[in-house]
Structure formats: C-alpha cells, structure tokens
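Written out below as structure tokens is the structure these notes cover.
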Amino acid sequence: MKQAHAQTIIQEFEQYSPKHLAVEGDKIGLQVGSLQKKISKVMITLDVLEPVVDEAVEEGVDLIIAHHPLLFRPIKKLDVDTAYGRTVEKLIKHDITVYAAHTNLDVAEGGVNDLMADALELQDTEVLVPTHEDKLFKLIVFVPVSHADKVREALGDAGAGKIGDYSHCAFTSQGRGAFRPESGADPYIGEQGKLERPEEEKIETVFYESDKQKVLKAMFKAHPYEETAYDIFESAAGGRKQGLGRIGKLNSETTLDEFAEKVKEAFQVEGLRVVGDGSRTVKKVAVLGGDGNKYTMTALHKGADVYVTGDLYFHVAHDAWMEGLMMIDPGHHVEKIMKQAVADRLREFLSKNQYDTAVMVSKVQTDPFRFK
C-alpha cells in the first residue's frame, strides 16, 4: 500500500495555497502533531471543533487540513476539562496532525474568494483588496530544433505563456548555436574538443513568479542538453494583483431581494441579513469570505452595488446604508465552500501519483447559528 507522506501532501497543497499569501501575523501552517509520517486518510474541514476531532478519530484520519486555525489566540493553559483542552488532548492522543490554511487560502487563485465569486456567477472578476503582486517574468531558452515543440509544450503545461484567456503563448525564432564540449562533458550533440554549430530555436515566453519552480523543472526535464542555456528577466508589463475578496458583474441586472435569494441558494443557508431597499438594482457585486467589515468602504469606492460578506457589525451596516451601499450577510460559515474544492484537488493529485491515501470531507455542522 503506497501512502503519501504528510510533507508530500502539504507541499502539493502549498502549491495551491502558498504561505506567503497569508496576511501578516495569521496563524497558519502546522498547528498540532507532526508532518514526519505517512498518511492513510486526510480530512478537510472549515473548523477544528471537538465533534470534528471525534469524527476524525472514528474515521481513522491522520491529517486534518482546516481553513480556520485551531490555535488562533495565545494559549495561557490547556485545561483538558474544557472543550478546547479536550480537543487538543484527543488530537495528540490519537496522533492526528492539524494543518491550517487561513488567509492564504482566501487570497489564492481558486481559493475561498474565487469559489464564492464563482458560486454567485460573477463575471470579469478582480481582486477587491490587493495584498500581493505575483510578478511577471520573461524566459528565453535555446533548444535544438528537434526538441523545440516538446520544450514549448512542457513550458505551457507548467503554466508559462499565460496571457489573458490564452495559454501556451510563446515566440520562436531560429538560428545557429555554438559550443565546444570540453573534457568531462557528455554532450547530446557533438564530440569533445570539436566546435558545434547546431540549428536551434530561441523560445521566448512569460511566467508568473508563483509558477517559477514548476516552469523551470519542466524546462530542464524536456530539454535534451546537459547544460541548458536560458535567461530570465522581470517583465516591464507588470504582474497580477493578488488579495482578499473579489468584485465582478452579474450576467444581467436584478433586484437586491432577487439577488439575496440567489445568495441563499448558492451558499445553502436558511437565512441571511440584508441592508438596503429590496427593489434597488444590482449589477456589480463585491464578495469577501469571513469577516469583511473593515473593507466595506473599499467595496463602495470600487463601485459595488452590493457587498456580500459575513459578521457585519451594526454600525458598519448603518454607515454603508447611509452611503447607499447594499449589503448581504450570509454568515461567516459560508466559507465551508472550500471543503469540497480542496478535497477534489488533493484527490486528483493523490490519484495521479498512485497513492492510496484517502481524502474525506467533514460532515460535522460547525455553524453555531441557526434560524427560528
């Protein structure tokens, strides 16, 4: 039975949700246990509460990947007579590792905020609150004509050449290279001591900094030469903004009350709080998972008609109402949308690499609120 190592699983996950995207001071990464072990079963959850840990014990889970950190505030003591203390005790006793991806999963492409925007069918989305820039680089590599197509395809498959809605973008020019293999060389073309002038193609493409390792690894694997000649420059075209929240447009205008029903259906909630006249028109929508109170004015200034976020404060809602910004609060718990998406991504990786490690989604309800 080929079980994936915990480090292998987390390394793959961090390709999707890298730590550097997290807001400064956020409590992410390893929280409890060890990553130095093989994993038979992974569980994806929004929260790590005692019933979730009980579920993990019952299901034989070795690794929990959560969105909300278990260890978020400073701990002064671990009293095992409290629910919190018992939760940590059970994790340690049953050798269950807990790993958290919080704001980095919010910011990540395909993460919580993209999933929420997709659920609401927003179009032409942009980042609401920029926090990082994924720099754009230009890659130039020289390849023998016989392997040019192979290298070009490998680069594109690894993420190079993304321009707008196009992938595998590249420019190619032909010429003659020159090199002389010296003593100790094992050349793909030519002989030691003799100058070679092979027909080569110069491939130029671009890649984002977040894809650098994958792109270079793919290039070296596909390139036939013992020593690969290449250059990398930061592009003057600039990178792409990354950050919290998304803002985009609906396919067609609707009313606030009609859109509120869409939000209920998209996030599978029994009820929600709405600020604004239900008959007003909605076209441009801002969304931010979790507690988005401090970004309310950002949504207003970026032209949103309505702002969808959780945990709205009374006075924040008052201020938005007076400024004419409509708001919908479906609750903090709608971030649960990440559970199935993360599970699907990990299953794909494990299957592709022929690991027998299983992935499950927690079924425990962790939303503390209910509607009467």
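When 282, 275, 334 are checked against the criterion of being under 19 Å from residue 112 (Cβ atoms) and modelled with pLDDT of 95 or more, 334 stands alone in meeting it. Considering segment 1-103, the qualifying helices (runs of 4 or more DSSP H), each wholly inside and each with 2 or more residues that are more than 25 Å from residue 363 (Cβ to Cβ), run over 6-16.
Scanning segment 243-282 for residues that are hydrophobic (A, V, I, L, M, F, W, C) and part of a strand (DSSP E or B) yields 244, 247, 250, 274, 275, 282. Can you name every residue in segment 163-181 that is at negative phi and in a loop (DSSP other than H, G, I, E, B)? Within segment 163-181, 165, 167, 169, 170, 177, 178, 180, 181 qualify. Restricting 97, 125 to residues that are hydroxyl-bearing (Ser, Thr, Tyr) and within 30 Å of residue 237 (Cβ to Cβ) narrows the list to 125.
Among the residues of segment 278-297, those that are of a type in the set (Val, Ile, Thr), surrounded by 17 or more Cβ atoms within 10 Å (Cβ to Cβ) and either farther than 20 Å from residue 102 by Cβ or free of Cβ contacts under 8 Å to residues at least 24 places away in the same chain (or both) comprise 282, 285, 296. Considering 222, 266, 260, the condition of being touching a residue at least 60 places away in the same chain (Cβ under 8 Å), closer than 19 Å to residue 170 by Cβ and of a type in the set (A, V, I, L, M, F, W, C) is satisfied by 222 alone. Restricting 296, 281 to those that are over 19 Å from residue 105 (Cα atoms), in the same structural domain as residue 249 (by TED's automatic domain parsing), of a type in the set (Ser, Thr, Tyr) and in contact with a Phe, Trp or Tyr (Cβ under 8 Å, 6 or more places away or on another chain) reduces the list to 296.
Matching residues to (1) part of a strand (DSSP E or B); (2) among the acidic types (Asp, Glu); (3) under 30 Å from residue 261 (Cα atoms):
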site	(1), (2), (3)
121	no, yes, yes
140	yes, no, no
143	yes, no, no
161	no, no, no
183	no, no, no
201	yes, yes, no
207	yes, no, no
215	no, no, no
226	no, yes, no
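Segment 299-372 holds strands (runs of 3 or more DSSP E) entirely within its bounds, and those carrying 3 or more residues that are over 23 Å from the mean Cα position of the chain (by Cα) map to 326-329.
The values are calculated or read from the model by the stated rules, or taken from the named source; none is laboratory data. A quick note: this is a predicted structure, and the numbers were derived from the prediction, not measured. Neighbour counts are summed over all protein chains in view; Cβ atoms, including those assigned to glycine, are modelled from backbone coordinates with ideal geometry.
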